[in-house]
Amino acid sequence: MNCDLKEVCKDIRCDVMTCIGHLGVGHIGGCLSVVELLGVLYYEAMNIDPKNPKMEGRDRFVCSKGHAGPAVYATLANRGYFDKKELLTLNQGGTNLPSHCDMNRTIGIDMTTGSLGQGFSCAVGVALGSKLENDGATIYTLIGDGESQEGQIWEAAMFAAAKKLDNLIAFTDYNKLQIDDTVAKVNDIAPLGDKWAAFGWNVIEVEDGNDVEQVSEAIKHAKLGKGSGKPTMVILNTLKGCGVQWIVDLGPGNHNCPVSEEQAEAAIREIRGEE
């Protein structure tokens with residue numbers, strides 16, 4: 001798909017600010033840190049068709065890091081799965097866009113997630129099913145660094161390697177922060193790459209996970225893992241709140257915080273480079 005991915009990511013980031021600002025509160029930091037990944041996946045890497053969201057053999061994306069749901073919704077709306085006006089219903093009564101992704105509510109969502117660790121297990125199951133069906137799909141999944149403290153993550157990681165799920169590409173949003181403090185202070189997961197390699201995964205580390213070119217190259221490299229007999233983990237070193245300085249400055253406080261419509265509008269101007 002021919003497009004300017006940097007501009008696409010600006011659009012996604014702005015729509016995240018708009019919908020959370022309209023609601024007044026949300027998991028803004030971890031949404032903004034994964035925008036480049038979502039932009040590259042949905043506009044370049046994935047075999048998908050917004051006009052046929054249930055297409056057989058399509059690539060699938062599972063957002064195990066459930067707090068990033070609004071960023072996924074903004075990406076789907078920009079990609080044409082549903083009208084952008086729906087973004088203003090985020091997490092409100094009767095919405096099709098609940099706080100965490102729900103495959104029964106939202107067009108384009110491939111797996112219901114939210115309870116940390118469980119979405120990753122589901123992604124492993126989807127990858128196994130795809131292997132058994134031999135449908136040629138690549139299964140992508142996103143986990144958080146705080147989420148990586150969950151034992152279920154590592155049980156699923158061990159199973160994926162044992163079943164040689166080389167059609168599975170996972171990403172860690174390694175922004176180094178979680179709700180209570182830095183990841184290192186709460187329960188350090190470093191050295192993260194060594195852990196995944198020890199569990200039998202191919203490992204790719206991206207220096208700047210908010211750089212579309214680096215993310216794009218990493219995914220292209222990860223796709224070469226098909227046939228290797230190993231799943232691949234791409235570790236994205238990201239900035240929580242990326243794109244909006246006052247949100248970055250909140251540190252762990254940006255995990256879930258109030259955002260007024262006025263703050264959202266100012267943030268959009270910053271993202272667009274208008275101030």
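The values are calculated or read from the model by the stated rules, or taken from the named source; none is laboratory data. Computed from a predicted model, the values in this text were never measured in an experiment. FYI the Cβ positions are ideal-geometry reconstructions off the backbone, even for glycines, and counts take in every protein chain you see. Just so you know, the surface numbers come from the protein's heavy atoms only, side chains and all, with ligands and any DNA or RNA stripped out. Shrake-Rupley method; radii C 1.70, N 1.55, O 1.52, S 1.80 Å.
Details
- Histogrammed with a bin width of 10 Å, the alpha carbon distances of the stretch 160-275 distribute as 13, 33, 30, 18, 6, 0 percent, first bin at zero.
- Solvent-accessible area of the stretch 35-103 (1.4 angstrom probe, protein heavy atoms only): carbon and sulfur portion equals 45 percent.
- The stretch 52-199 - share of DSSP beta bridges that are antiparallel (%, nearest 5): 10
- Across K54/K230; K176/K223; K51/K85, pairs whose alpha-carbon gap is larger than 20 Å: K54/K230; K176/K223
- Surface composition of the stretch 135-275: carbon and sulfur atoms hold 50% of the protein heavy-atom accessible area at a 1.4 Å probe.
- Where the stretch 151-275 is the region considered: accessible area per residue in Å², 1.4 Å probe: 48
- Were the residues from D135 through R272 laid out at 0.36 nm apart, the gain over their Cα-Cα distance would be 45.3 nm.
- Farthest toward positive dipole pole in the stretch 1-126 [+1 Lys/Arg, -1 Asp/Glu at C-beta], among N96, L37, M17: N96
- Residue-span extension gain [S115 to W154] - 0.36 nm each, minus C-alpha spacing: 12.5 nm
- Sequence-ordered 3J(HN,Hα) estimates for the stretch 226-232 from the Karplus curve with 6.51, -1.76 and 1.60 and θ = phi - 60° stand at 4, x, 7, x, 10, x, 10 Hz, glycine and proline given as x.
- With Cα atoms, 0 to 90° folded angle of helix 151-162 axis to the chain main axis: 40
- Sorting 23-35, 198-210 by average packing, meaning the other beta carbons within 10 Å per residue, from highest down gives 23-35, 198-210.
- Per-residue ellipticity at 222 nm from helix content only, as computed over the chain with -39500 (n - 2.57) for each DSSP H run of at least four residues, stands at -11500 deg cm²/dmol.
- Å² per residue, accessible surface of the stretch 26-88 at 1.4 Å: 30
- Volume of the Cα convex hull of the chain, divided per residue and given in Å³: 114
- Residue of D211, D194, D49 that the Gaussian network model of the chain assigns the largest fluctuation, springs spanning Cα pairs under 10 Å: D194
- Global geometry of the stretch 4-108, whether rounded, prolate or oblate, following the gyration tensor of its Cα atoms and the 1.5 cut on a/c: oblate
- Based on the Stokes-Einstein relation at 10 °C and a viscosity of 1.306 mPa s, and on the Kirkwood radius from alpha carbon pairs, the stretch 47-189 is assigned a translational diffusion coefficient of 100 µm²/s.
- Fluctuation leader among G114, G151, G251 - the chain, Gaussian network, Cα springs under 10 angstrom: G151
- Ranked by how many other beta carbons lie within 10 Å on average, peptides 61-72, 157-168 from highest: 61-72, 157-168
- When restricted to Cα atoms, the stretch 129-180 yields an Rg and a Dmax of 13.1, 43 Å, respectively.
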